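Novice: I have a structure here, written as structure tokens, and I will follow up with some questions on it.
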Amino acid sequence: MIVKLDGEPFATLVYGRQSTRAVPPGPHRLNLNNTWAWKTLNFDLQPGEHATFQLINRSGRFTWFLVSLLGAGPMYITIERGPDGLQK
């Protein structure tokens with residue numbers, strides 16, 4: 001999955017990998033692309049706040065039918081925001 005933060009390249013993630021970066025407080029935009037789907041998440045960070053996100057590639061309703069028929073099928077993106085908090 002290709003991840004951009006505020007329009008700048010952030011990370012290319014594969015299963016089980018993670019990435020971290022310090023960013024200034026304020027509004028931010030997270031763009032995700034897995035070549036089948038694109039998703040954008042806008043979020044706001046307060047001073048000292050730490051945000052985590054879990055990015056999930058998931059199959060859709062007819063993905064496995066299309067995989068068996070065409071050899072490929074759509075994968076969708078789910079974003080789950082983890083427990084946030086202020087850094088100590």
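The values are calculated or read from the model by the stated rules, or taken from the named source; none is laboratory data. All of these numbers come straight from a predicted model, not from anything done at the bench. A quick note on method: Cβ atoms are made from the backbone with ideal geometry, for glycine too, and the neighbour counts reach across all protein chains shown. Areas reflect the complete protein model, heavy atoms only, side chains present, ligands, DNA and RNA absent. Shrake-Rupley method; radii C 1.70, N 1.55, O 1.52, S 1.80 Å.
Novice: Name the long-range amide H neighbours of Phe10: under 5 Å, sequence gap of 5 or more, or other chain; modelled H, no Pro or chain starts.
Specialist: Result for Phe10 returns Val3, Lys4, Leu5.
Novice: In addition: In deg cm²/dmol and to the nearest 500, what is the mean residue ellipticity at 222 nm of the chain if only DSSP H runs of at least 4 residues count, each as -39500 (n - 2.57), divided by the residue total?
Specialist: Values: 1 runs with 8 residues, N = 88.
Using -39500 (n - 2.57) per qualifying helix, the result is -2500 deg cm²/dmol.
Novice: Further question: Run the numbers on the chain and let me know its relative contact order in percent, using alpha-carbon pairs under 8 Å that are six or more apart. Numbers along the way, then the final one.
Specialist: Numbers: 148 pairs, mean separation 21.4, N = 88.
This gives 24 percent for the chain.
Novice: A further question on this structure: Nothing charged except the Cβ atoms of Lys and Arg (+1) and of Asp and Glu (-1): what's the magnitude of the dipole of the chain about its Cα centre? Round to the nearest 20 debye. Intermediate values should be presented prior to the final figure.
Specialist: Numbers: 9 positive and 6 negative charges, 49 e Å.
Approximately 240 debye in magnitude.
Novice: With a 1.4 Å probe and all protein chains kept in place, how much accessible area does Glu80 have, in Å² rounded to the nearest 10?
Specialist: Counting only protein heavy atoms, Glu80 exposes about 90 Å² to solvent.
Novice: Another one. Run the accessible area of the chain with a 1.4 Å probe and give the carbon-and-sulfur part as a rounded percent. Show your work: numbers first, answer last.
Specialist: Details: 3730 of 6620 Å².
Whole-percent figure for carbon plus sulfur exposure: 56.
Novice: Moving on. Go through Thr35, Leu66, Tyr15 and say which Cα lies farthest out towards the positive end of the charge dipole of the chain; charges sit on Cβ, +1 for Lys and Arg, -1 for Asp and Glu.
Specialist: Farthest towards the positive pole: Leu66.
Novice: Hey, another quick one. Find the accessible area per residue for the chain; the probe is 1.4 Å, ligands and nucleic acids are left out, and the unit is Å².
Specialist: On the way: 6620 Å² over 88 residues.
For the chain, the per-residue accessible area is 75 Å².
Novice: Give me the one-decimal Kirkwood hydrodynamic radius in Å for the chain, with the sum taken over alpha-carbon pairs. Walk me through the intermediate numbers first.
Specialist: Values: mean 1/r = 0.0690 Å⁻¹.
Kirkwood radius, the chain: 14.5 Å.
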